[in-house]
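Since the structure comes first, as structure tokens, the remarks are kept for the end.
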Amino acid sequence: MPRAFGRENLSFPGRSFLLDCRNELKIVAKFIEVKTMKVKIILNPRAGRGKAAKLKAKILAELANYGYRSHLEETQWHGHAIEIAKKAVESGYDLVIAAGGDGTVNQVVNGMTGSKVPLGVLSAGTGNDFAAMIGMPADPAAAIRQIIEGETRWVDLCRLNDRYFISSVGAGFDGRVAYTANQGIRFVRGMPAYLLAVIKTLFSFRLHRVKMVADGKEREYKALLFAVTNSSTYGGGIKITPDARIDDGLFDICVVKEVTPLEVLWFLPLAIKGEHGRLQDKVGFFRGREIYLESMTPLFYQIDGEVFQDTVFRFSMIPGGFPIRGAVFAPSVRHEEVATVKEA
Ligand SMILES: [Mg+2]
């Protein structure tokens, strides 16, 4: 019989002493970490129409309470957060905190991929769907505490063409809405801003003919929108794919098929509650790991709230490919694990 080398079989002098002192050792390790850890905060001062800029002092004060050596840098132009994040991991920062909305988080993720440095998320934007998905409190001091004292959890890292994302992509009507919302909806934030953008977009309403291939299975639609997500919500809390999980290794897809502008108004309140699945002939839900979309005409799309235009969309995923510090969510049973259990 081969000898098993489980942890329980390891023995060495002083093992029982070390086991008895486990908690004390954890406290010492945390103390050493606090004294040596370098933290970079990337803050988008325009996020949430200036909300993030007002949080600077609070963030730095809270981090100083913990004794961390932290450095805050504000983004100066669109895309700057990618650059700052890249430099931060190259220059040895141990933790990066993104203070902004989903768009800021997206840029920071794109600058950090492949580094194994964990990301903390401070919600301060117009849409904070990813922050909500990972259970981050809205209060910045409470969020900092959760990041510092919390564990690192690995979530799925998603990719569309040559850009990574972590929360959601919406193409078609959705992209157009995000475009309108990003152009500036004054005086409102979050879901009200999104809903106002929806109303504005209804006037330029159109359906799109799109081929979709999900894990090898081809379908064709004349549709209003395609949402390919890892988070369950977008647009400041709309439950577009209510059963989506950020760590199950799969994309959740929602296709809203041929609808009239009036039906969109009927669809929206249901989608906010995640009950649009009731409109079975209008809405389709799918899951898959490799997704391909092809449109006859260029589609506006939003990728974590950042807006672009394209005709070909190749989605892929690195399951558990990105570390988030302080994330709180119930762990998923992975797709393969379910299959193994069923086969056993
Ligand atoms: Mg998923």
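Values in this text are rule-based calculations from the coordinates and carry no lab data. Source: prediction; values computed, not measured. All Cβ positions, glycine included, derive from the backbone under ideal geometry; neighbour counts span all protein chains shown.
DSSP bridge analysis restricted to the chain gives an antiparallel fraction near 75%, rounded to the nearest 5. GNM on the chain, alpha-carbon springs under 10 angstrom: the most fluctuating residue among 159, 325, 209 is 209.
Percent relative contact order of segment 14-156, based on C-alpha pairs within less than 8 angstrom and at least six residues apart? Result for segment 14-156 is 24 percent.
Identify, among 324, 127, 234, the residue whose Cα sits farthest towards the positive end of the charge dipole of the chain, taking +1 on the Cβ of Lys and Arg and -1 on the Cβ of Asp and Glu, with the dipole about the Cα centre. With unit charges placed on the Cβ atoms, the residue in question is 127. Ranked by the mean number of other Cβ atoms within 10 Å of their residues, highest first, the peptides 36-48, 278-290 come out as 36-48, 278-290. Here the dipole of segment 263-311 is about 280 debye; that uses its Cα centre as origin and unit charges on the Cβ of Lys and Arg (positive) and Asp and Glu (negative).
As a ratio to 2.2 N^0.38 Å, the alpha-carbon radius of gyration computed for the chain takes the value 1.08.
Under a GNM of the chain (C-alpha, springs under 10 Å), which listed residue has the highest mean-square fluctuation: 134, 97, 318? Largest GNM mean-square fluctuation: 318.
Here each label is just a point 7 Å from Cα along the line to Cβ, and for residue 149 and residue 69 those points are 2.6 nm apart. Summarising the label geometry, the points placed 7 Å from Cα in the beta-carbon direction at residue 219 and residue 162 lie 3.1 nm from one another.
For segment 164-319, the mean projected area of the C-alpha convex hull, equal to one quarter of the hull surface, is 8.2 nm².
Quick one: helix 140-149 against the long Cα principal axis of the chain, what's the angle to the nearest 10°, folded into 0 to 90? It is inclined by approximately 50 degrees. A simple spin-label model places pseudo-atoms 7 Å from Cα toward Cβ; at residue 24 and residue 49 they are separated by 5.6 nm. The rule of thumb for compact globular proteins, 2.2 N^0.38 Å, goes into the C-alpha radius of gyration of segment 33-120 1.01 times. Sorted fewest first by neighbouring Cβ atoms within 10 angstrom, 266, 154, 77 come out as 77, 266, 154.
Taken as Cα centroids, segment 97-157 and segment 231-306 sit 23 Å apart, rounded to the nearest whole angstrom.
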